[in-house]
Ligand code: SAH
């Protein structure tokens, strides 16, 4: 890498993580530093390598954030350390994103850079609200305008006389604080008060809200429906067209919050998204491999003592086999050893390593696994259980009670990313569903929830898998929940589909 590093200005798109470009995703997956604003989706940050340095330079509520100069300095500094830097910006970097100023700062230092455009909210918000920004015979142009700039007389900076005469679609960004001023100016200079207007907030996310009206009615509609920034204001005949998707999926319009470890939440989000749901990934848990490998090393060295290996989670399987690979342990060592799993997800993960599970209980609970396995075992069998630190006590209690010899090894823990948790819970909306796949997920979520958030969640149906998860929900006083019949992502999706179909 050049001593001067490399900076990619990447457009993150408007919110829906699937609206990131393939090129942007590739740069994120290989960067060493990511410098980001407040983004509509945390999912994008989960794409960067684990060791990547993440620097937040956006605005928090009640805090104006860093100045543009300071942000430029940070980007330059990181690049001069020789790093591969992604500067991730909402929408498109050059659409009111101050990307140009960052480029000038890089040019000044002779730092190589590349700009990767993004889908701007100006167009995406319209599209997700069923509005074509141009349409034959209706609108031959569209104009993107900054709605917040005012001159020193507190008047809007642009020439509204000119804007009012344009026949194309007018798209205002950053205009919510000035909505009535914008509307009045346009009318004052001759725009018909019956001109259609749409306001789309949090476009392309689970929080998207759209109101439609006319120049005459929109201010009232916005306040009645409590529409807040960030929002795009679309003015013109095109805003009166209805081109919403007709293929809507069985979960269309449903807002679903997904929790769990990144891998699970990501998979679940995609599946639910395929059914048309607006999904927000609320995952704030991460898998941390245990530092102490002595027990595992000992067990593997003495693998001959064991006849069964039991896995209770996908994570357990992945971490176990990662360890084997890193330590050059040949799979032939497992000759003659049987595998037991709970849940089809775990079974499928094991299969990816070339092993077919010898036993999986019909009901996906660790208690069923323990009892079923104990029934199968013969004299001389011994079980190895590599799993999470806070794994359910059921498994080991039952094996103990049935005098099954076993060794339990804690190979990982599920940890809570406190900062992400804070970001997630500060933006909660009235979800139709929130999903939980583990007791630690429930605990992490409810442990620090304020009363206010609990009230918001009153309308939300809780969906979960696993008896341990259910038990934890009950501990937090949650009585109304749906439990998936099958202990897997597919099971969760199925139970939401069937509930939504009622
Ligand atoms: N570079 C960004 C715009 C930055 S200016 C882009 O290309 O989209 C910030 C403004 O963008 C907000 O005030 C709002 O008007 C708009 N905006 C950004 N994301 C939005 C979203 N998801 N929904 C509605 N408006 C959004």
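Restricting 171, 145, 182 to residues that are in a helix (DSSP H, G or I), within 14 Å of the ligand (Cβ to nearest atom) and either touching a residue at least 24 places away in the same chain (Cβ under 8 Å) or on the phi > 0 side of the Ramachandran plot (or both) narrows the list to 182. Please verify whether segment 237-247 includes one or more residues that are buried (at least 22 other Cβ atoms within 10 Å of the Cβ), closer than 23 Å to residue 120 by Cα and more than 16 Å from the ligand (Cβ to nearest atom). Yes, there is a match, as at least one residue in segment 237-247 is buried (at least 22 other Cβ atoms within 10 Å of the Cβ), closer than 23 Å to residue 120 by Cα and more than 16 Å from the ligand (Cβ to nearest atom).
So that you can scan it fast, the table gives a plain yes or no per residue for (1) free of Cβ contacts under 8 Å to residues at least 24 places away in the same chain; (2) touching a strand residue (DSSP E or B) at 6+ places or on another chain (Cβ under 8 Å); (3) not in a strand (DSSP E or B):
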{"site": "387", "(1), (2), (3)": "no, yes, no"}
{"site": "415", "(1), (2), (3)": "no, yes, no"}
{"site": "420", "(1), (2), (3)": "no, no, yes"}
{"site": "425", "(1), (2), (3)": "no, no, yes"}
{"site": "430", "(1), (2), (3)": "no, yes, yes"}
{"site": "444", "(1), (2), (3)": "no, yes, yes"}
{"site": "457", "(1), (2), (3)": "no, yes, yes"}
{"site": "473", "(1), (2), (3)": "no, yes, yes"}
{"site": "486", "(1), (2), (3)": "no, no, yes"}
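Cβ-Cβ distances below 7 Å connect the following pairs, each with a first residue in segment 263-282 that is on the phi > 0 side of the Ramachandran plot, a second residue that is surrounded by fewer than 19 Cβ atoms within 10 Å (Cβ to Cβ) and outside any helix (DSSP H, G or I), and a separation of six or more residues or different chains: 276/248; 276/249; 276/250; 276/252.
In segment 335-351, the residue that is nearest to the chain's Cα centre (by Cα) out of those that are at pLDDT 95 or above and either part of a loop (DSSP other than H, G, I, E, B) or over 19 Å from residue 437 (Cβ atoms) (or both) is 351.
Here's the yes/no breakdown for (1) surrounded by fewer than 17 Cβ atoms within 10 Å (Cβ to Cβ); (2) modelled with pLDDT of 85 or more; (3) over 19 Å from the mean Cα position of the chain (by Cα):
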residue: 428; (1), (2), (3): no, no, no
residue: 433; (1), (2), (3): no, yes, no
residue: 444; (1), (2), (3): no, no, no
residue: 448; (1), (2), (3): yes, no, yes
residue: 456; (1), (2), (3): yes, no, yes
residue: 476; (1), (2), (3): yes, yes, yes
residue: 485; (1), (2), (3): yes, no, yes
residue: 493; (1), (2), (3): no, yes, no
residue: 501; (1), (2), (3): yes, yes, yes
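None of 212, 228 is within 16 Å of the ligand (Cβ to nearest atom), farther than 25 Å from residue 141 by Cα and either in contact with a strand residue (DSSP E or B) (Cβ under 7 Å, 6 or more places away or on another chain) or assigned to a loop (DSSP other than H, G, I, E, B) (or both) except 228. Counting only residues that are on the phi < 0 side of the Ramachandran plot and not in a helix (DSSP H, G or I), segment 64-92 holds 13 of them. Does at least one position in segment 72-85 carry a residue that is within 16 Å of the ligand (Cβ to nearest atom) and touching a residue at least 12 places away in the same chain (Cβ under 8 Å)? No - not one qualifying residue is present in segment 72-85. Residues in segment 1-42 that are crowded, with 22+ Cβ neighbours inside 10 Å, at pLDDT below 90 and not in a loop (DSSP other than H, G, I, E, B): 17 only. Is it the case that residue 123 is assigned to a strand (DSSP E or B), closer than 18 Å to residue 233 by Cβ and within 16 Å of the ligand (Cβ to nearest atom)? Judged against the criteria, residue 123 is not a match.
Taken over segment 414-426, the criterion of being out of contact with any helix residue (DSSP H, G or I) (no Cβ under 6 Å at 6 or more places or on another chain), under 30 Å from residue 294 (Cβ atoms) and surrounded by 15 or more Cβ atoms within 10 Å (Cβ to Cβ) is satisfied by 415, 417. Condition check for residue 137 on (1) in a loop (DSSP other than H, G, I, E, B); (2) within 16 Å of the ligand (Cβ to nearest atom); (3) free of Cβ contacts under 8 Å to residues at least 60 places away in the same chain: one failure, at (2).
Residues considered: 191, 267. Of these, the only one that is over 22 Å from residue 156 (Cα atoms), touching a helix residue (DSSP H, G or I) at 6+ places or on another chain (Cβ under 7 Å) and either modelled with pLDDT of 95 or more or away from the ligand (no atom under 16 Å from the Cβ) (or both) is 267. Number of residues in segment 194-209 that are part of a loop (DSSP other than H, G, I, E, B), within 11 Å of the ligand (Cβ to nearest atom) and closer than 18 Å to residue 132 by Cβ: the value is 3. Would you please name the residue that is nearest to residue 13 (Cα to Cα), looking only at residues in segment 215-225 that are touching a helix residue (DSSP H, G or I) at 6+ places or on another chain (Cβ under 9 Å) and within 16 Å of the ligand (Cβ to nearest atom)? Per the stated criteria, the residue is 222.
Say we look at segment 306-317 and pick out the residues that are modelled with pLDDT of 95 or more and outside any loop (DSSP other than H, G, I, E, B); which of these is surrounded by the fewest Cβ atoms within 10 Å (Cβ to Cβ)?
So, considering only residues that are modelled with pLDDT of 95 or more and outside any loop (DSSP other than H, G, I, E, B), the one surrounded by the fewest Cβ atoms within 10 Å (Cβ to Cβ) is 308.
The values are calculated or read from the model by the stated rules, or taken from the named source; none is laboratory data. Bear in mind that the values here come from a model prediction, so they are computed numbers and not experimental data. Because the Cβ atoms are built from the backbone with ideal geometry, glycine has one as well, and the counts that use them run over all protein chains shown.
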